[in-house]
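The values are calculated or read from the model by the stated rules, or taken from the named source; none is laboratory data. None of the values given here were measured: they were computed from a predicted structure. Ideal geometry is used to build each Cβ from the backbone, glycine not excepted, and the neighbour counts take in all protein chains shown. Ligands, DNA and RNA are stripped out before the accessible areas are found, and what is left, the full protein with its side chains, is counted by its heavy atoms. Shrake-Rupley method; radii C 1.70, N 1.55, O 1.52, S 1.80 Å.
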Amino acid sequence: MKIFLCAINSKYIHSNLAVYSLKEYSKPSKAEIELGEYTINNQKDDILKAIYKAHADVICFSVYIWNLEYVIDISREFHKLCPNIPIWVGGPEVSYETEHFLTNHPWIKGAMLGEGEETFKDLCSYYQNMDCRKLSDVNGLLYKEDDQFMKTGFREALNLDTIPFPYKNIEDFQNRIIYYESSRGCPFMCSYCLSSIDKGVRFRSLELVFKELSFFLDNKVPQVKFVDRTFNINPKRTTDLLKFIKEHDNGITNFHFEVAADILTDNEIEIMKDMRPGLIQLEIGVQSTNASTISEIHRSMNLEKLWANVKKIQSFKNIHQHLDLIAGLPFEDYDTFKNSFNELYSIYPDQLQLGFLKVLKGSYMYEHAKEYEAIWHEKPQYEIMSTKWLSYDDVLNLKNIEEILEVYYNSGQFPTSIRLLEKYFDTAFSMYEKFGQFYEEKGYFNMSHSRNRRGEILLEFIESLNIDPKAFYETLTFDLYYRENCKSRPSFAPDLKEWSALSRKYATNSKLSHLERFTRPLPTISDDIEGQYYILFDYTGKNSIEIIKDCL
């Protein structure tokens with residue numbers, strides 16, 4: 001009996017932890033289980049061909065918001081070719097309104113609901129030994145039989161220590177992010193999130209976690225991304241994990257955590273203080289700073305403490321912090337979102353993610369959508385288009401701001417130029433809003449641009465505001481050379497021949513070094529320097545610069 005487990009990821013660099021856990025947990029069933037991992041960038045016909053050529057007896061799809069349409073189309077075509085092979089689905093995207101889903105897609109045999117390891121193992125055992133048990137004996141299923149929906153018994157939550165480690169063959173994950181689960185569930189009740197449905201939090205024992213993290217460290221994997229919904233919910237456990245990671249740092253591996261910054265303890269922050277730069281990074285979901293919105297979405301958050309902790313960690317200059325905002329939440333109109341944006345931006349996080357509400361089936365937000373007058377896309381990603389408080393025009397403006405923010409802030413490509421441009425606006429939001437309108441008017445959103453061209457567009461925008469662009473020539477030149485040695489000289493930069501003799505003296509490492517002259521202070525780089533000076537860019541390290549004041 002051969003069972004084919006199919007995962008369709010959003011990018012190649014991602015891996016699907018679920019299917020690997022299902023396969024490892026189900027080994028006692030003695031069924032032959034084959035994994036197939038693809039991405040939404042693969043052609044559907046290529047995925048269909050691979051599934052067909054596996055010649056499996058049962059097909060199972062792992063279904064998420066990003067791959068639902070792929071699963072529907074591919075499973076439909078596969079059923080035409082192999083109508084007698086049962087097709088099963090599982091995952092958050094089919095765990096709610098499941099009867100409706102199966103009715104609309106009758107070629108799919110059924111769905112595994114909720115936590116899948118034990119259910120999948122029993123399903124494998126059923127197909128492996130069909131004479132020994134009935135399908136109705138497998139808890140956690142919903143399927144159709146004789147035109148009737150059959151829902152089997154409730155599946156109890158697992159002890160996480162019983163789930164085998166899925167990464168023993170680490171060579172299969174070269175150049176991919178490792179997703180790791182040390183807990184399940186979430187203590188918070190955020191109305192837009194499906195994690196709030198899973199009451200309480202379960203932990204994998206620290207002894208086991210330490211052993212598995214050591215495996216990653218020994219194998220020098222580039223990044224381990226914890227999928228725990230709130231990594232720091234248990235202070236003692238969090239402290240122990242941070243200490244372990246710090247004490248066993250291999251100089252290479254990065255650990256990513258999603259944390260509630262307002263409940264970080266002084267002890268936890270103190271451990272972070274002298275960690276290697278890049279050892280850990282923090283994702284912090286603020287979502288909104290509007291009190292009415294926070295209350296309505298059932299968030300529990302001390303904003304004052306959150307700001308204090310984020311700023312303290314930021315002062316260490318060794319930990320990347322990623323702050324999130326969500327547009328389209330209840331009681332959040334354009335003006336209150338503007339305030340939320342400006343408050344988060346004022347901290348200057350390493351990244352500020354502007355996302356849009358997804359109205360997910362099974363969530364409190366979905367159940368109250370009519371009350372909120374919410375309109376959203378019918379198909380995945382189920383993204384909000386308008387609410388009682390936010391018009392579609394508002395959403396379109398925020399979409400423009402989101403793209404400008406990604407290109408000119410989150411990319412880290414124009415930090416000094418953007419910091420200088422902020423001085424010409426009352427708020428950061430108004431700057432990105434105006435820049436987004438300029439991009440749209442010029443039709444630049446629908447084009448692919450080089451980094452040099454992005455800089456030229458920024459100058460065009462500055463000129464449209466009747467600001468002297470010369471003040472930005474040097475900030476843009478710095479930004480472009482800071483990241484890498486430019487292959488072509490920016491059009492707005494002065495002729496390098498003016499200091500060629502000095503370049504020969506200082507920039508001695510061929511293409512791995514570059515000398516540039518400056519006559520103005522650079523925001524956050526050389527604010528206190530007056531007169532002419534030079535910066536030596538060294539590309540043998542990571543963004544290494546040396547300011548040279550006296551070149552005589």
Between ALA471 and ASN169, what is the label-to-label distance in nm when each label sits 7 Å out along the Cα-to-Cβ direction?
6.0
For GLY110, what is the net charge nearby, where nearby means another residue's Cβ is under 12 Å from its Cβ and Lys, Arg count +1, Asp, Glu -1?
+1
If Lys and Arg each add +1 and Asp and Glu each add -1, what is the summed charge of the other residues whose beta carbon sits under 12 Å from the beta carbon of GLN381?
-2
List the trypsin sites (Lys or Arg not before Pro) in the range 251-313 that DSSP assigns to loop (not H, G, I, E or B) and whose Cβ has at most 14 other Cβ atoms within 10 Å. Which are they?
LYS273
Can you give me the long-range amide H partners of ARG229? Hydrogens built in the peptide plane at 1.01 Å from N, cutoff under 5 Å, separation of 5 or more residues or another chain.
GLY185
Work out the FRET efficiency for HIS449 and ASP45 from their Cβ-Cβ distance, taking R0 = 25 Å, and round it to the nearest 0.05.
0.15
Whats the longest run of the chain with zero GluC sites (Glu not before Pro) that are DSSP loop and have at most 13 other Cβ atoms within 10 Å?
157-370
Rounded to whole angstrom, the alpha-carbon centroid of the range 283-303 lies from that of the range 330-362 at a distance of 10
State, to one decimal in nm, how far the label point of ASN234 lies from the label point of ASP550, with both points 7 Å from Cα in the Cβ direction.
6.0
Selection of trypsin sites (Lys or Arg not before Pro), the range 1-91, meeting DSSP coil and at most 15 other Cβ within 10 Å
LYS11, LYS30
Averaged per residue, the 1.4 Å probe accessible area of the chain, protein heavy atoms only, in Å², is roughly 47
In whole angstrom, note down how far apart the Cα centers of the range 1-48 and the range 421-486 are.
44
Quick check on the chain: helices-only [θ] at 222 nm, where DSSP H runs of length 4 and up contribute -39,500 (n - 2.57) each and the sum goes over total residues. Nearest 500, please.
-10500 deg cm²/dmol
Those trypsin sites (Lys or Arg not before Pro) from the range 109-160 that are DSSP loop and have at most 13 other Cβ neighbours within 10 Å turn out to be ARG133, LYS134
Between ASN342 and CYS486, what's the calculated FRET efficiency when r is the beta-carbon distance and R0 is 35 Å? Round to 0.05.
0.60
Under a crude label model (7 Å from the Cα following the beta-carbon direction), how far is THR508 from ILE529 in nanometres?
2.1
Relative contact order of the range 385-522, defined on C-alpha pairs under 8 angstrom at six or more residues apart (%):
22
Gain upon complete extension [ASP393, GLU463; 0.36 nm per residue less C-alpha separation]:
22.5 nm
According to the Kirkwood expression over distinct Cα-Cα pairs, how big is the hydrodynamic radius of the range 280-343, in Å?
12.6
Options (i) 26.7, 91; (ii) 23.8, 76; (iii) 27.0, 97 - which one matches Rg and Dmax of the Cα atoms in Å as calculated here
(i)
Quick one: work out the % antiparallel among DSSP beta bridges in the range 271-411, nearest 5.
20
